[in-house]
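All remarks here apply to the structure that follows.
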Amino acid sequence: MTIIIFLGSLLAAMAVGVPIAFSLLLCGAALMWHLNMFDAQILAQNLLEGANSFPLLAVPFFMLAGEIMNAGGLSRRIVNFAMALVGHVKGGLGYVTIVAAVIMASLSGSAVADAAALTALLLPMMVAAGHDRARSAGLIASAGIIAPIIPPSIGFVIFGVAANVSISKLFMAGIFPGLMLALSLVGTWWWLARKEHITPPPRKNLAEVLEAMRLATWALVLPFIIVFGLKFGVFTPTEAAVVAAVYSLFVSTVIYRELNFKKLVPLFITAAKTSAVVMFLVAAAMVSAWLITVANLPAQVVALLEPLLDSPKLLMFAIMVLVIVVGTALDMTPTILLLTPVLIPVVKAAGIDPVYFGVLFIINNAIGLITPPVGTVLNAVAGVGKVSMDEVTKGVVPFMIAQFAIMFLMVLFPQLVMVPARWFY
């Protein structure tokens, strides 16, 4: 009955158009009423406590780093460097998109920000070169979702806080899977573009490649600073977010000189607004998470899934299918906040490593950003690129299938995640 009250109140609120954060609060109030413990003061205290978390300070700083990176010239120089490296091969602009997406993913951690920047920079070039518009938009959307997987990742921060799992370990464990997803896009793009008759731009000579690398060096250094700083304990993930924001600000204003105080103000406002939305979602979800624990919902879910506990791979497969279904209707952050407190006890009861589960859970949620009808990244690409949603959806399907295939390969072979992760630890 408790599960019915929880899901029924949440879905009913969402069905009538109540925003997700307020739906979570209504869901929490319904659970409190069902448990005969309704108290507005307790509700308010848990709401405040939900946002009162030091690791969550990483969210606004990573948001700010992404905004500064896109406006301050870092993204453009990364794309130019990728163009110099692989732009000359057949279908080169597609490979440029993937290489640039991987590098940018290691700077911002925001799929929407990366996808929007790549769309603005590369989609007009790909269309002008003769590539199919829908396919190009689909590739850019699929490449953009690598951002929540390769560190630094806002998704890993939120999951780590909700599940009480080491964010540093999640960051390190996400590196190799993120690169595998990128390789799946390379293979898919090669297969789709092999029959296109498009003349690529001429090959850059060594001097031009080195010049492009020199111009992009300041942007390329940041990923190494973050990864090595986390690996050797120089700073925490929260401090890494501050390093990313300050470094991006320094490079954009002092080195590249593309930003000044007048241009910075709108960036800070945009980052603050986006962070406020995420933080309010987190705070509202923590109310529901506390009541889920009080109502002993995890134990009920464990009991329901008990037949699968002896088969971790089968359990992971079932959970991944569940997340795929939820991901078609909910955005990444609410999905993480809703399902994590319910699924983590089940995962631990089955003996599955929470870090391994976290990586696959975030990969699944990231792919959910390009699954219609709610796919946030699809909407961003369609809006920035002035492409219809039908076109983007059609173009993204083969790349999405390839990424799902990689995810389920990791379900079958957990070593693909954990062996490289232990090296990075």
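Please verify whether G229 is at pLDDT below 85 and assigned to a helix (DSSP H, G or I), treating the condition exactly as stated.
The answer is yes for G229.
For the range 195-215, what are the residues that are under 32 Å from the mean Cα position of the chain (by Cα) and modelled with pLDDT of 80 or more?
Selection gives V209, L210, E211, A212, M213, R214, L215.
Quick check, is P200 in contact (Cβ under 8 Å) with a residue 24 or more places away in the chain, farther than 28 Å from I68 by Cβ, of a type outside the set (D, E, K, R) and in a loop (DSSP other than H, G, I, E, B)?
Yes: the conditions hold for P200.
Take the conditions touching a residue at least 60 places away in the same chain (Cβ under 8 Å) and either surrounded by fewer than 24 Cβ atoms within 10 Å (Cβ to Cβ) or of a type in the set (V, I, T) (or both) and apply them to I150. Does it pass?
It is false that I150 is touching a residue at least 60 places away in the same chain (Cβ under 8 Å) and either surrounded by fewer than 24 Cβ atoms within 10 Å (Cβ to Cβ) or of a type in the set (V, I, T) (or both).
Quick check, is G155 under 30 Å from F54 (Cβ atoms), part of a helix (DSSP H, G or I), touching a Pro at 6+ places or on another chain (Cβ under 6 Å) and not hydroxyl-bearing (S, T, Y)?
Answer is yes for this residue.
Could you grab the pairs with beta carbons closer than 7 Å, sequence gap of 6+ or different chains, first residue in the range 68-85 and within 14 Å of T217 (Cα to Cα) and without any contact (Cβ under 8 Å) to a residue 24 or more places away in the chain, second one in a helix (DSSP H, G or I) and among the small types (G, A, S)?
A82/A100
Please verify whether L322 is under 21 Å from the mean Cα position of the chain (by Cα) and either surrounded by 22 or more Cβ atoms within 10 Å (Cβ to Cβ) or at pLDDT 85 or above (or both), treating the condition exactly as stated.
Yes: the conditions hold for L322.
With the requirement that a residue be aliphatic (A, V, I, L, M), within 16 Å of I154 (Cβ to Cβ) and surrounded by fewer than 19 Cβ atoms within 10 Å (Cβ to Cβ), what does the range 204-242 give you?
The answer is V242, and nothing else.
Could you give every pair whose Cβ atoms fall below 7 Å, whose first residue belongs to the range 110-129 and is more than 14 Å from M83 (Cβ to Cβ), and whose second residue is surrounded by fewer than 22 Cβ atoms within 10 Å (Cβ to Cβ) and of a type in the set (D, E, K, R), counting only separations of at least 6 or pairs across chains?
Qualifying pairs under 7 Å: V127/R133.
Please find, among L220, L206, L210, the residue that is of a type in the set (A, V, I, L, M, F, W, C) and either touching a residue at least 12 places away in the same chain (Cβ under 8 Å) or touching a helix residue (DSSP H, G or I) at 6+ places or on another chain (Cβ under 7 Å) (or both).
L220
With (1) in a loop (DSSP other than H, G, I, E, B); (2) at pLDDT below 80; (3) buried (at least 23 other Cβ atoms within 10 Å of the Cβ); (4) of a type in the set (A, V, I, L, M) as the list, and L291 as the residue in question, which single condition is left unmet?
(1)
Does any residue of the range 411-419 turn out to be surrounded by 21 or more Cβ atoms within 10 Å (Cβ to Cβ), more than 30 Å from V127 (Cβ to Cβ) and at pLDDT below 90?
Checking the range 411-419: not a single residue is surrounded by 21 or more Cβ atoms within 10 Å (Cβ to Cβ), more than 30 Å from V127 (Cβ to Cβ) and at pLDDT below 90.
Any idea which of (1) within 21 Å of the chain's Cα centre (by Cα); (2) in contact (Cβ under 8 Å) with a residue 12 or more places away in the chain is the one Y256 doesn't satisfy?
Result: Y256 fails condition (1) only.
If the requirement is being among the aliphatic types (A, V, I, L, M) and under 28 Å from L57 (Cα atoms), which of these qualifies: L210, L220, L215, L185?
Answer to the check: L220.
Output the residues belonging to the range 294-319 that are touching a Pro at 6+ places or on another chain (Cβ under 9 Å), more than 26 Å from D39 (Cβ to Cβ) and at pLDDT below 80.
The answer is V302, and nothing else.
Starting from residues that are touching a Leu at 6+ places or on another chain (Cβ under 9 Å) and surrounded by fewer than 23 Cβ atoms within 10 Å (Cβ to Cβ), keep the ones in the range 113-130 and report whichever is farthest from E211 (Cα to Cα).
A129
Quick check on A285: is it among the aliphatic types (A, V, I, L, M), in contact with a helix residue (DSSP H, G or I) (Cβ under 7 Å, 6 or more places away or on another chain), assigned to a helix (DSSP H, G or I) and under 22 Å from S9 (Cβ atoms)?
It is true that A285 is among the aliphatic types (A, V, I, L, M), in contact with a helix residue (DSSP H, G or I) (Cβ under 7 Å, 6 or more places away or on another chain), assigned to a helix (DSSP H, G or I) and under 22 Å from S9 (Cβ atoms).
Which residue, of L181, L170, is modelled with pLDDT of 90 or more, touching a Pro at 6+ places or on another chain (Cβ under 9 Å) and assigned to a helix (DSSP H, G or I)?
Checking each option against the conditions leaves just L170.
Mind checking which pairs have a first residue in the range 38-52 that is touching a residue at least 12 places away in the same chain (Cβ under 8 Å) and closer than 22 Å to F159 by Cα and a second that is surrounded by 14 or more Cβ atoms within 10 Å (Cβ to Cβ) and not aliphatic (A, V, I, L, M), Cβ under 6 Å, 6 or more apart or different chains?
Pairs that qualify, where the first residue is touching a residue at least 12 places away in the same chain (Cβ under 8 Å) and closer than 22 Å to F159 by Cα and the partner is surrounded by 14 or more Cβ atoms within 10 Å (Cβ to Cβ) and not aliphatic (A, V, I, L, M), are N46/W290.
The values are calculated or read from the model by the stated rules, or taken from the named source; none is laboratory data. Just so it is clear, the model here is predicted, and its values are computed rather than measured. Methodologically, a virtual Cβ is constructed for each residue, glycine included, from the backbone with ideal geometry; neighbour enumeration extends over all protein chains shown.
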